[in-house]
Amino acid sequence: MPTAEQISGWVDDAMSATPVFDIHTHLYPPAFGPLMLWGIDELLTYHYLIGESIRASGIEYERFWSKSRPHQADFIWQTLFVERPPVSEACRGVVTVLKKLDLNPNARGLSDFRDFFRSLTPDAYIDKVLSLSNVRTVTMTNDPFDPAERAIWMPEPERDPRFKAVLRIDPLLLGFPGVSATLSSMGYTTDADLGMRSIAEIHRFLLDWIDRMQAIYLAVSLPPTWRYPQNDICTRVIDEAILPVCRERDLPFAMMIGVTRQANPALRLAGDSLAKADTSSVERLCAAHPGNKFLCTMLSRENQHELAVAGRLFPNLMVFGCWWYVNNPSLIEEITRMRVELLGPTFIPQHSDARVLDQLIYKWDHSRQVIGKVLKDKFTDLDKSDWQVTQEQIGQVVRGFLQDNFTRFLGAGGK
């Protein structure tokens, strides 16, 4: 029988050696121009740190927003890293990135960091970050309703095979009737009452953009008030357009549920909140469409147990990730431990949700530690019950968590 130290070492080895398929990010390769965010100024002006620095300093909102991006970064560094110890998870993440890049996190200013990033090309930095984080593949979040991004896609940009596209379709579910004008401007004629012609045009829109992007799944972020089914346009679009297209192409439909937009508009992107959502709507959706595949993550801690139970009930539902406000080590550990106890190894414990390339370094470093801690405990418990734990079994579970569970769930349609 292996010792506890051997089990721990096997888990550490597997967690560090296994490359990640990061199933949800907001990252882009250099061909996407300004959409690719990287470097110290972008890292520090991440919306988590903006909200934290405004709270800590008491600065007036408009005074902060009037600063240039570099001056915002200087302000955040002074407020959260010089005047205070950086103990929050978002701050610790910056420290981890600097350490992994062999930069001094105790610096009093940003000039040396800026010099370092100026010495790199975007392509070289992507290679460096993916190597340091041991991430093999990332999924983008691709919004054809964003004019800037749409303009990039139209001439067929150069593809980086490490960056997979995901078709983001929030306006189709949440934006009628206003989104009709946007669809019409793109060549898809729809009307406010969403007649059969409109449904057919949405169907055509989805197929066109899946093909253009080579999208591996479709995704939407939903508010906590979302319910299924209802006598509304959202339900009709799901039932009559999105899910038929997903079945036709064998693609999952991913739902990220629970965000309350602009609870504090003065904070802009940092001003979104959360609330408990209705997990029974997810169950009804999975039950009504057994031929579809669903990915789901939920934002409220209070939803996590219900979502794991839903995952037990519906094999066409893949529970994934600790998203946004639950992407903190204490909650990742709690949620991952509970999911293992209910679902075994048949879920995806984490995604980075990174918006800045550099964040891959810390988000996967920190998550690997927490997921590894849970696995060490669970395999040690098995060993105490006289189960013959092997290094091969541990590697199988880790590979499932970090890549294989997702690729198997995608199936042929996502390749």
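The values are calculated or read from the model by the stated rules, or taken from the named source; none is laboratory data. All values derive from a computational prediction rather than experimental measurement. Counting neighbours? That spans all protein chains shown, and the Cβs are built from the backbone with ideal geometry, glycine included.
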Subject >> Subset of region 257-299 [closer than 19 Å to GLU52 by Cα, small (Gly, Ala, Ser) and either buried (at least 17 other Cβ atoms within 10 Å of the Cβ) or in contact (Cβ under 8 Å) with a residue 12 or more places away in the chain (or both)] >> reply: ALA266, ALA270, GLY271, SER273
**OP:** Spot the failing condition for HIS305; the list is (1) surrounded by fewer than 16 Cβ atoms within 10 Å (Cβ to Cβ); (2) outside any helix (DSSP H, G or I), and only one is missed.
**Re:** (2)
Original post:
Is it the case that region 225-233 has a residue that's within 15 Å of PRO144 (Cβ to Cβ), touching a helix residue (DSSP H, G or I) at 6+ places or on another chain (Cβ under 7 Å), without any contact (Cβ under 8 Å) to a residue 60 or more places away in the chain and surrounded by fewer than 19 Cβ atoms within 10 Å (Cβ to Cβ)?
Top reply: no
Original post:
Can you tell me which residue in region 76-94 is surrounded by the most Cβ atoms within 10 Å (Cβ to Cβ), limited to those that are closer than 15 Å to HIS366 by Cα and touching a residue at least 24 places away in the same chain (Cβ under 8 Å)?
Top reply: VAL94
**OP:** Evaluate region 126-138: report whether one residue or more is β-branched (Val, Ile, Thr) and in a loop (DSSP other than H, G, I, E, B).
**Re:** no
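Kindly indicate which of LEU173, LEU167, LEU101 is closer than 30 Å to VAL82 by Cα, under 27 Å from the mean Cα position of the chain (by Cα) and not charged (D, E, K, R).
Working: LEU173 fails: closer than 30 Å to VAL82 by Cα; LEU167 fails: closer than 30 Å to VAL82 by Cα.
After applying the criteria, what remains is LEU101.
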Original post:
Do we find that HIS351 is part of a helix (DSSP H, G or I) and in contact (Cβ under 8 Å) with a residue 60 or more places away in the chain in this structure?
Top reply: no
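Could you check, for region 401-411, whether at least one of its residues is modelled with pLDDT under 95 and not β-branched (Val, Ile, Thr)?
Checked against the condition, which is being modelled with pLDDT under 95 and not β-branched (Val, Ile, Thr), region 401-411 yields at least one hit.
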Original post:
Within region 339-354, is there a residue that is surrounded by fewer than 20 Cβ atoms within 10 Å (Cβ to Cβ) and among the hydrophobic types (A, V, I, L, M, F, W, C)?
Top reply: yes
Subject >> Options ALA124, ALA73; residue that is without any contact (Cβ under 8 Å) to a residue 12 or more places away in the chain and aliphatic (A, V, I, L, M) >> reply: ALA124
**OP:** List every residue pair whose Cβ atoms sit under 7 Å apart, with the two residues 6 or more apart in sequence or on different chains, where the first one lies in region 131-147 and is over 16 Å from GLN403 (Cα atoms) and acidic (Asp, Glu) and the second, anywhere, is in a helix (DSSP H, G or I) and at pLDDT 95 or above.
**Re:** ASP143/GLU149
**OP:** Go through LEU43, LEU103, LEU49, LEU37 for me and flag whichever is outside any helix (DSSP H, G or I) and crowded, with 18+ Cβ neighbours inside 10 Å.
**Re:** LEU37
Original post:
What pairs come up if the first residue lies in region 158-182 and is under 13 Å from ILE233 (Cβ atoms), the second is assigned to a helix (DSSP H, G or I) and modelled with pLDDT of 95 or more, and their beta carbons are under 6 Å apart, counting only those six or more places apart or on different chains?
Top reply: LEU172/VAL237; LEU173/CYS234; LEU173/VAL237; VAL179/PRO171
Original post:
Scanning for something surrounded by 20 or more Cβ atoms within 10 Å (Cβ to Cβ) and touching a Phe, Trp or Tyr at 6+ places or on another chain (Cβ under 7 Å), does region 59-71 turn up at least one residue?
Top reply: no
